[in-house]
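Just below is one structure, and these are the notes that go with it.
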């Protein structure tokens, strides 16, 4: 993938600003970030996984700040199932049927930026244990003390100190084996003696916002196939900032064609429900080229 600096250099050539008098690095990085965010909102180009240990009777879990929309939520405790999505507008009707029950939830919704499961609440906490000794970030076997609760034969553990999620293929009372380190979230890290581990019993896959692009040496997170999409959107923003509506409209039309091709490339993602999408930024990225809903 090209770096942010090389993408901005291409934009400056087309804009006629080789000396960076108008499109400075700071402004260019801001516009590239906006272009990448628009792509991820409109095309849902990036995926991530969020892992949740359970707390007894707790139904609501905070969404990651970069979450646009969940697309699958899986339950792993005692039974394995995908939870069905329920629209927030009818969630109360579902929940009132079993308001105070505990057990295995069978559906989920997103309410006030929280993943909400139900109608039954989890009946117990996720299993926990402590590291019986220190381990390196490359260790594939981890020693544990006696567990509180019952771990699955295979699954995921989260280090509550580092946040690292470890996938394992076998577990006994005192040993976890077949570990793949840092599978979700933070990368693999050294484990201290006494570090607490919790079983992952709720897992959400979601479409995500990209991280801001803060250096010209960095590369956008989106695949390189979308490079021209980013360049055309930055060029549109540059002409709009200069006040040249004709050239801004022309750049926007080119960008719109790239956006259509991007949706075709991604395929089914572009048709996913947007009913639970965080729409706070739609005024920035939506509408016509001048942000007026045209």
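The values are calculated or read from the model by the stated rules, or taken from the named source; none is laboratory data. Please read these numbers as outputs of a predicted model, since none were measured by experiment. Glycine gets a Cβ as well: all are built from the backbone with ideal geometry, and neighbour counts include every protein chain shown.
Overview of results
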item	result
Selection within region 158-176 - under 15 Å from residue 190 (Cα atoms) and not in a strand (DSSP E or B)	160, 161, 162, 163, 164
Residue match in region 28-47 (condition: over 19 Å from the mean Cα position of the chain (by Cα) and not assigned by TED's automatic domain parsing to the domain that holds residue 251)	no
Flag for residue 186 being in contact (Cβ under 8 Å) with a residue 40 or more places away in the chain and under 19 Å from the mean Cα position of the chain (by Cα)	no
Hits in region 1-31 (condition: more than 15 Å from residue 221 (Cα to Cα), crowded, with 18+ Cβ neighbours inside 10 Å and touching a helix residue (DSSP H, G or I) at 6+ places or on another chain (Cβ under 6 Å))	8, 11, 15, 23, 28
So residue 55, is it closer than 30 Å to residue 110 by Cα and surrounded by 17 or more Cβ atoms within 10 Å (Cβ to Cβ)	no
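Conditions tested, residue by residue: (1) at pLDDT below 95; (2) in a loop (DSSP other than H, G, I, E, B); (3) crowded, with 17+ Cβ neighbours inside 10 Å.
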{"residue": "90", "(1), (2), (3)": "yes, no, no"}
{"residue": "97", "(1), (2), (3)": "yes, no, no"}
{"residue": "100", "(1), (2), (3)": "yes, yes, no"}
{"residue": "104", "(1), (2), (3)": "yes, yes, no"}
{"residue": "138", "(1), (2), (3)": "no, yes, no"}
{"residue": "156", "(1), (2), (3)": "no, no, yes"}
{"residue": "182", "(1), (2), (3)": "no, no, yes"}
{"residue": "203", "(1), (2), (3)": "no, no, yes"}
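For every residue, the table says whether it meets (1) modelled with pLDDT under 95; (2) outside the structural domain of residue 22 (by TED's automatic domain parsing); (3) closer than 22 Å to residue 29 by Cβ; (4) touching a strand residue (DSSP E or B) at 6+ places or on another chain (Cβ under 7 Å).
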{"position": "224", "(1), (2), (3), (4)": "yes, no, yes, no"}
{"position": "227", "(1), (2), (3), (4)": "yes, no, yes, no"}
{"position": "240", "(1), (2), (3), (4)": "no, no, yes, no"}
{"position": "261", "(1), (2), (3), (4)": "yes, no, no, no"}
{"position": "267", "(1), (2), (3), (4)": "yes, no, no, no"}
{"position": "275", "(1), (2), (3), (4)": "yes, no, no, no"}
